[in-house]
1. Whole-Å semi-axes of the protein assembly as shown's equivalent ellipsoid, largest first, each the root of 5 times a Cα gyration tensor eigenvalue?
2. Once you mark the GluC sites (Glu not before Pro) that are in a DSSP loop and have at most 12 other Cβ atoms within 10 Å, what is the longest gap between them in chain A?
3. Calculate, in nm to one decimal, what B:VAL325 and B:ALA236 gain on full extension: separation in residues at 0.36 nm each, minus their alpha carbon distance.
4. Within 10 Å of each Cβ in peptide B:240-247, how many partner chain Cβ atoms are there on average? Round it to a whole number, please.
5. Can you give me the distance in nm between label points at A:PHE50 and B:ARG4, each placed 7 Å from the Cα along the Cα-to-Cβ direction?
6. Given q = 0.12 Å⁻¹, what are the Debye log10 I(q)/I(0) values for the stretch B:222-276, with equal point scatterers placed on the Cα positions and solvent ignored?
7. Pop a pseudo-label 7 angstrom from the Cα along the beta-carbon direction at both A:GLU209 and B:VAL308 and give the gap in nm to one decimal.
8. I'd like the FRET efficiency for B:ARG184 and A:GLU268, computed as 1/(1 + (r/R0)^6) with the beta carbon distance as r and R0 of 60 Å, rounded to 0.05.
Amino acid sequence: MTQLHVVPLRRRTVAALTAVSLVGVIAFFWPFFVSPQSVAADHATDAPWFFAVLLPLVVGVLLAEISDDGLDAKGVAMLAVLSAVATAVRPLGAGVAGLEPMFVVLLLGGRALGPAFGFALGSLSMFTSALLTAGVGPWLPFQMVAAGWFAMFAGLLPQIRGRAEIAMLMAYGALASLAYGFLMNLSFWPWALGQDSELSFVPGAPLSENLARWFAFNLATSLGWDIPRAVLTAVLTLLAGPVLLRALRRATRRAAFDTPVRFETPIEHPAR
Amino acid sequence: MTNRWLHPGAWWLWALGLGAAATRTANPLLLGLIVAVAALVVSSRRPQAQWAGAFAVFVRIAVLVVVIRVGFTVLFGLRVGTTDLFTLPSATLPDWMAGVTLGGAVTAEMLAIAVIQGSQLATLLICVGAANSLASPVRLLKALPPGLYHVGVAGVVALSLAPRIMVNVRRVMQARRMRGRPTRGLRAAAESSVPVLESSLDDAINLAAAMDTRGYGRATRTSPGERALQAGLVLAGLMGIALGLFAVLGASGWGWLLLALGLAMAITGILVAGRRIVRTRYRPDPWGWPETLTAATGISAAIAVIAVSSSTITIPLTWPALPPVAVAAILAAALPAVLTPPPPVPWRTA
């Protein structure tokens, strides 16, 4: 089975996605490879603010690039409605362990509609749900990138169908929501702790030591929430995944995204 | 002054200016003053809208941030200063958890640093919370640059559809209750998601048809050369940003230059892309003198605090002084509380 791409994967789009993901990787993982002589090491608590300003810019550039020649009215409508669904179900998960119902929408959306659309869906849903719940803060740019990746990689997984696909998506959903928690911790690790605690990162220290400190920080803060969240995401994918994927794929077939538009010269009627 | 919405960009510039001031001073008196100014403006210019309650939520998060910071310092802090307050029993964790030492002596200096740095963060969050409850989110989306017009439209539609979908969820649950099916638990949530998603997807297709018939998304014709230029600018800009970041983190001198160049190219690329989009604005938000005043007071507070205050904490601890320039600039940021037009009052039915 080939995958449907609501946003066609042209070379331009792939290149922009790769470049923005690279900037995202730097914005999250910089504590592990920052040089001790760098400005960022002296201003470790300010660096996240810098990235919180830079990330919306690059995500904006990417979304402009995706929508420039990839999104028609149907794509915009699909993006709007799926973001609305993700936004509407976000509060439902708050009581349990966080974001699971929203994650399932992003996972299935990215899976059924392609990786580039997935990234746009993930980042836009985080943005609109933050606006609706008035949760715009320095964490939002990081959430947008992480949720974009979450949906994008679901679309990049191998194209298999049937039970194997659901099993794969369950495993991916559990792992990716764990990874999401770890990434969000990583994004505020430098400024939440400052430089003078046993769990803070040490610029220039060996990777293994900083990784161990990061893991300890995760354990001390959010692992107790991250694990139930991963399990719930997998369970919800198992229960709702098959029907919802079918519904999404049927709707995209009805919308006929990949049908080329052709204009034909009308047939002349000699009688008139 | 007649009631009208202040441009959301003005509120955000004001709040981010105050927030930047907060991150640049370690003076608890100035931090307290910033919080007081933010609270005053919010209480006098907050609209009657659902999102306006954000300020209280952010204040709660801010308090939590200080508490967490102090907690981590007591448990994991490295010893700073000489004034011992109390000593906790200490334990060393195994090597696979970085060999961290828990507990130990807690000094007054450690606590003071934790409280002050936590308050810097907390003050910034309170400023962001003020912007969240003062600026209308939908108007913010409408003010996006033209290159982001399509995504902005999707965002506006998503914001206005989301409450309707919540109502749909409730309706489906009601139908399940009437049929004697369970309405709680994971299975109920999974099963009720199908009708909700199906009806939303139908909405999407109808919406797309409606947009198509009204000529939405028609771009002006541009030459292939212009489009290639735009794609080249965006890609080269993004690569420049990534390489510049690597260089800055590796302490190379030319990193900032590359970063600035990349940003300039990427932004030019968006602007070029925006030229293809033809759009009209419904009720545009004007930028008048109240907007300029609001933005200027926020930014000048940031400049004044950066000029006269320092974010390093001196040891031994001393009682902080009050630099008059910074105090005056921060107090001036309270002017929007009286000099901006009040927000519109919503229509009351019944």
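1. The equivalent ellipsoid of the protein assembly as shown has semi-axes of 42, 30, 26 Å.
2. So the longest stretch without any such site is A:1-263.
3. Length gained, B:VAL325 through B:ALA236: 27.7 nm.
4. Going residue by residue through B:240-247 and averaging, the value is 5.
5. Rounded to a tenth, the inter-label distance reads 4.0 nm.
6. Each listed q corresponds, in turn, to -0.30.
7. If labels sit at A:GLU209 and B:VAL308, their model points lie 4.3 nm apart.
8. Given R0 = 60 Å and the Cβ-Cβ separation, E is 0.35.
Every number here is computed from the coordinates shown, using simple stated rules; none is lab data. Bear in mind that the values here come from a model prediction, so they are computed numbers and not experimental data. Virtual Cβ from ideal backbone geometry, glycine too; neighbours counted across all protein chains shown.
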